[in-house]
Amino acid sequence: MSTATLQNLLDYLKGTLSSSNMIWLSERLQEYAKEQNDQALKPYTIEELHARIVQSEMDSTQGRVYEFDDVIREIEEEFALEEKH
C-alpha cells in the first residue's frame with residue numbers, strides 16, 4: 001500500500017475514532033504485526049532446506065525457471081508503477 005493511501009487511512013481513522021478506540025485498534029494491530037513478524041522469522045529446519053533444494057533442482061530440469069532479464073524487467077515495471085502512485 002502506498003504511503004499516500006496509508007496517510008489517507010490514518011487521517012480518516014483519526015477523524016472518526018475516539019481516543020480509546022484508537023488505543024484499542026493500535027494494540028490489536030501491534031499484536032497482529034508481532035505475530036506475523038514472529039512467523040516470518042521462523043528458521044527453516046534442515047529437512048525443509050533439503051526439500052527446497054530438491055524442488056529447485058526438479059523445477060530447473062523441467063524448465064520451470066525465470067530468465068534473469070525477465071525478472072529484472074518485472075521488478076523495474078513494478079517500481080515504475082509504485083512511483084506513479
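Worth pointing out:
- 71, 65, ranked by accessible area, largest first (probe 1.4 Å): 65, 71
- Ellipticity estimate at 222 nm from DSSP helix runs (n ≥ 4, -39,500 (n - 2.57)) divided over the chain, nearest 500: -27500 deg cm²/dmol
- Area accessible to solvent at residue 61, 1.4 Å probe radius, in Å²: 120 Å²
- With a 1.4 Å probe rolled over the protein heavy atoms of all chains, the accessible area of 26, 19 falls in the order 19, 26, largest first.
- When +1 charges are put on Lys and Arg Cβ atoms and -1 charges on Asp and Glu Cβ atoms, the dipole computed for the chain relative to its Cα centre reaches about 540 debye.
- Split the accessible area of region 2-85 by element, probe 1.4 Å, and carbon with sulfur accounts for 58%.
- On a per residue basis, the chain carries 94 Å² of accessible surface, using protein heavy atoms and a 1.4 Å probe.
- Once each of the chymotrypsin sites (Phe, Trp or Tyr not before Pro) sitting in a DSSP loop with at most 14 other beta-carbon atoms within 10 Å is removed, the chain keeps 1-43 as its longest stretch.
- Using heavy atoms of the protein chains and a probe of 1.4 Å, the accessible area assigned to residue 58 is about 80 Å².
- Once all protein chains are placed together, residue 42 keeps about 140 Å² accessible to a 1.4 angstrom probe.
- For the chain, radius of gyration divided by Kirkwood radius, i.e. Rg to Rh on alpha-carbons: 1.18
- Coordinate range of the alpha-carbon atoms in region 13-57 per principal axis, descending: 54, 16, 7 Å.
The values are calculated or read from the model by the stated rules, or taken from the named source; none is laboratory data. This is a predicted model, so every value here is computed, not measured. Virtual Cβ from ideal backbone geometry, glycine too; neighbours counted across all protein chains shown. Heavy atoms of the whole protein, side chains included, go into the accessibility calculation; ligands, DNA and RNA do not. Shrake-Rupley method; radii C 1.70, N 1.55, O 1.52, S 1.80 Å.
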